[in-house]
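The structure under discussion appears below in the form of structure tokens.
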Amino acid sequence: MKILNVDQIRALDQATIQHEPIAPLNLMERAAQGFVEWFAARYPNTSPIKIFCGLGNNGGDGMAIARLLLERHYTLDIYVVRYAPRESDDFMHNHRRLKLITEQVSYIELSTDIPAIRHNEIVIDAILGSGLSRPAEGIIRSTIEAINRAPATVISVDIASGLFADKPNRPDDVIIEPDHTVTFQLPKLAFVLPRNGRYVGEWHLVNIQLNKRYIDLAPTPYYYTTPHEARLLLHKRDRFSHKGTYGHALLLVGSYGKIGAAVLASRACLRSGVGLLTVQVPRCGYSVLQTAVPEAMCRPDGHQYVLTGQSEVESPAPAEYSTVGIGPGIGKAPETLAMLRELLPTLKKPIVLDADALNLLAEHRELLDILPHNSILTPHPKEFERLTQPWADDYEKLNSLQAFAKRYRVVVILKGAFTAVATPDGEVHFNSTGNPGLSTGGTGDVLTGVLTALLAQGYDSVEAAVLGVFAHGLAGDRAADQRGPIGMVASDVIDALRWD
Ligand SMILES: NC(=O)C1=CN([C@@H]2O[C@H](COP(=O)(O)OP(=O)(O)OC[C@H]3O[C@@H](n4cnc5c(N)ncnc54)[C@H](O)[C@@H]3O)[C@@H](O)[C@H]2O)[C@@H](O)CC1
Ligand SMILES: [K+]
């Protein structure tokens, strides 16, 4: 699903109005109906509601929503924040229609007009929408502050008032902090950026049949992976396939005290459909791995405690495997760095790099230039910062992510809520699965195993990254359902992996 910028959203409204065709007012009515259906399904009881409307089309939506809620017999107090002398045409029209059925519309011009909000109330925020052109000031600011102080449930129409949809706010901007945002058809970039979490809450999409052709043709680097799209990426299995069909992966993982990471990555790799798996661990990990993961072949490293790449047993060179996954638990010993230096130039196919493999790359940047193209890197934000530089805000981070993926021709998976997958072509796919329960030791090792398995099976790197991140997050969601987000551990995520 595409994520469009504000100019594109405006043009999309116009395309819908022209080509459907539909009168602007009817499009607003459709949006309001969509909101009200969502609302009525979630809040079927008539809790007291306060709705705050601005004077533009977001406020117009609010006026129409107020009318539709009154028709459904909700108890409603309606406020218009009169911050300017001008109103949009569609606001005016809906204001008039509302006044035909109720006299109970109050106007907020001074702070003393702002009502007290009680804890059992629901606040609907329709003050400012995607038309925001500058930070909220004056009476808008005071109203937003009052709503944020109130102990009520807050629901924003389209976007929290005061939040820019596709560019950074200043740190001292005053923005509604909603529990829910109900937006129209497509998500906004602001919704998937971590620092905006409190200005978005849970967000929900309401389909208002905007022009499909415009959406299909609109150029954007930003996408949001829906379950349907992720499922389309899944390769079907042929009845006559055999284990050779699904590749032979090599994992270079573990060091003394971190053989658990090797076990987790190996199990996840096997649970993600790899045909054959060989795991190279330092000698100290040999018995652990053979016992904990009997399905994997083990090639013990020549070194007792860390990886050096030298193998005690006769075995093929890493380049002969379908792919290589490297990083979980490996540490940063000089021998391991030397291994990376020797190994990288020999590899021609995309590989997966995680954890200390990334930290070694950050400390020895010349290695970045010899990464096989289309390799997948899986940093969390701190690791990514080490690979690049600190950023002032999420938009700067996003630019830096896109630039990095393009420059080194790699796929970068920046982990977090709405994990971002940046491609060598400059696209970014935000993931839709996962929960805070995944912030626990070992889940990154699991992801490396998953991705290595997908590359070994012949998925191209972008598909492997998008699908792998989705499936990993979904398994995390299932594990959280079963164990709760606090009690779940990385092994639960492996157990919950499903590929159908
Ligand atoms: N995107 C869509 O498909 C649809 C959009 N609709 C609604 O239309 C909204 C956008 O409407 P508008 O473009 O009228 O914009 P808004 O309603 O967000 O803002 C109204 C106007 O206020 C002014 N303004 C901006 N920032 C301000 C500030 N900080 N202080 C004071 N004034 C400020 C601007 O002149 C702006 O045009 C959307 O958020 C959505 O709610 C729906 O009605 C229908 C469909
Ligand atoms: K709003």
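Determine which member of the set 245, 323, 291, 225 is buried (at least 20 other Cβ atoms within 10 Å of the Cβ), of a type in the set (S, T, N, Q) and more than 19 Å from residue 340 (Cβ to Cβ).
225 is the lone residue from the list that is buried (at least 20 other Cβ atoms within 10 Å of the Cβ), of a type in the set (S, T, N, Q) and more than 19 Å from residue 340 (Cβ to Cβ).
All but one of (1) more than 10 Å from ligand 1 (Cβ to nearest atom); (2) in a loop (DSSP other than H, G, I, E, B) hold for residue 125; state the number of the condition that does not hold.
Tallying (1) more than 10 Å from ligand 1 (Cβ to nearest atom); (2) in a loop (DSSP other than H, G, I, E, B), residue 125 fails exactly one: (2).
Looking at the structure I just gave you, is residue 183 polar (S, T, N, Q), assigned to a helix (DSSP H, G or I) and either within 11 Å of ligand 1 (Cβ to nearest atom) or crowded, with 24+ Cβ neighbours inside 10 Å (or both)?
For residue 183, the condition - polar (S, T, N, Q), assigned to a helix (DSSP H, G or I) and either within 11 Å of ligand 1 (Cβ to nearest atom) or crowded, with 24+ Cβ neighbours inside 10 Å (or both) - is not met.
Please indicate, with yes or no, whether at least one residue in segment 61-81 is outside any helix (DSSP H, G or I), within 11 Å of ligand 1 (Cβ to nearest atom), closer than 17 Å to residue 161 by Cβ and out of contact with any Leu (no Cβ under 6 Å at 6 or more places or on another chain).
yes
Go through segment 235-258 and count every residue that is without any contact (Cβ under 8 Å) to a residue 24 or more places away in the chain and among the aromatic types (Phe, Trp, Tyr).
Final tally of qualifying residues: 1.
In segment 44-59, what residues are within 9 Å of ligand 2 (Cβ to nearest atom) and either without any contact (Cβ under 8 Å) to a residue 60 or more places away in the chain or assigned to a loop (DSSP other than H, G, I, E, B) (or both)?
If the condition is that a residue be within 9 Å of ligand 2 (Cβ to nearest atom) and either without any contact (Cβ under 8 Å) to a residue 60 or more places away in the chain or assigned to a loop (DSSP other than H, G, I, E, B) (or both), then 54 is the only one that fits.
When you go through 162, 131 one by one, which is the residue that is within 14 Å of ligand 2 (Cβ to nearest atom), part of a loop (DSSP other than H, G, I, E, B) and either without any contact (Cβ under 8 Å) to a residue 12 or more places away in the chain or more than 20 Å from residue 195 (Cα to Cα) (or both)?
131
Filter segment 147-157 down to residues that are under 19 Å from residue 194 (Cβ atoms) and either away from ligand 1 (no atom under 11 Å from the Cβ) or surrounded by fewer than 19 Cβ atoms within 10 Å (Cβ to Cβ) (or both), then give me how many there are.
0
Evaluate segment 410-427: report whether one residue or more is among the hydroxyl-bearing types (Ser, Thr, Tyr), in the same structural domain as residue 307 (by TED's automatic domain parsing) and either surrounded by 15 or more Cβ atoms within 10 Å (Cβ to Cβ) or at pLDDT below 95 (or both). Let's see the steps before the verdict.
Taking segment 410-427 first, the residues among the hydroxyl-bearing types (Ser, Thr, Tyr) are 419, 423.
Those left that are additionally in the same structural domain as residue 307 (by TED's automatic domain parsing): 419, 423.
If we keep only those that are either surrounded by 15 or more Cβ atoms within 10 Å (Cβ to Cβ) or at pLDDT below 95 (or both) too, we end up with 419, 423.
Within segment 410-427 (the criterion being among the hydroxyl-bearing types (Ser, Thr, Tyr), in the same structural domain as residue 307 (by TED's automatic domain parsing) and either surrounded by 15 or more Cβ atoms within 10 Å (Cβ to Cβ) or at pLDDT below 95 (or both)), the answer is yes, since at least one residue qualifies.
Answer with yes or no whether residue 23 is modelled with pLDDT of 95 or more, away from ligand 2 (no atom under 16 Å from the Cβ) and out of contact with any Lys or Arg (no Cβ under 6 Å at 6 or more places or on another chain).
On the way: modelled with pLDDT of 95 or more: yes; away from ligand 2 (no atom under 16 Å from the Cβ): yes; out of contact with any Lys or Arg (no Cβ under 6 Å at 6 or more places or on another chain): yes.
For residue 23, the condition - modelled with pLDDT of 95 or more, away from ligand 2 (no atom under 16 Å from the Cβ) and out of contact with any Lys or Arg (no Cβ under 6 Å at 6 or more places or on another chain) - is met.
Does residue 107 satisfy the criteria of being in the same structural domain as residue 207 (by TED's automatic domain parsing) and either within 11 Å of ligand 1 (Cβ to nearest atom) or surrounded by 17 or more Cβ atoms within 10 Å (Cβ to Cβ) (or both)?
no
So, of the residues in segment 60-87 that are charged (D, E, K, R) and away from ligand 2 (no atom under 14 Å from the Cβ), which turns out to be surrounded by the most Cβ atoms within 10 Å (Cβ to Cβ)?
67
Counting only residues that are assigned to a loop (DSSP other than H, G, I, E, B) and at pLDDT 95 or above, which one in segment 104-120 is farthest from residue 183 (Cα to Cα)?
Applying the filter and picking the extreme gives 110.
Out of curiosity, is residue 82 assigned by TED's automatic domain parsing to the domain that holds residue 159, among the basic types (Lys, Arg) and modelled with pLDDT under 95?
No, not satisfied.
Quick one: residue 338 ticks every box in (1) within 33 Å of the chain's Cα centre (by Cα); (2) in a helix (DSSP H, G or I) bar one, so which box is it?
Failing condition for residue 338: (1).
Only one of 150, 126, 146 is in contact (Cβ under 8 Å) with a residue 40 or more places away in the chain, assigned by TED's automatic domain parsing to the domain that holds residue 76 and not β-branched (Val, Ile, Thr). Can you tell me which?
None of the other options fit; the residue is 126.
Residue under question is residue 216, and the condition is that it be over 17 Å from the mean Cα position of the chain (by Cα), over 30 Å from residue 335 (Cβ atoms) and part of a loop (DSSP other than H, G, I, E, B); does it hold?
Working: over 17 Å from the mean Cα position of the chain (by Cα): yes; over 30 Å from residue 335 (Cβ atoms): yes; part of a loop (DSSP other than H, G, I, E, B): no.
No, not satisfied.
I want to confirm something. Restricting to segment 19-38 and keeping residues that are without any contact (Cβ under 8 Å) to a residue 40 or more places away in the chain and more than 20 Å from residue 181 (Cα to Cα), which single residue is farthest from ligand 1 (Cβ to nearest atom)?
21
Do you know which of the residues in segment 2-20 that are over 21 Å from residue 167 (Cβ atoms) and not polar (S, T, N, Q) is nearest to ligand 2 (Cβ to nearest atom)?
17
Take the residues in segment 158-178 that are among the acidic types (Asp, Glu) and within 11 Å of ligand 1 (Cβ to nearest atom), then tell me which one is surrounded by the fewest Cβ atoms within 10 Å (Cβ to Cβ).
173
Kindly indicate which of 97, 86 is of a type outside the set (A, V, I, L, M, F, W, C) and not in a loop (DSSP other than H, G, I, E, B).
Answer to the check: 97.
The values are calculated or read from the model by the stated rules, or taken from the named source; none is laboratory data. Just so it is clear, the model here is predicted, and its values are computed rather than measured. Heads up, the Cβs are rebuilt from the backbone with ideal geometry, glycines too, and the neighbour counts pull from every protein chain shown.
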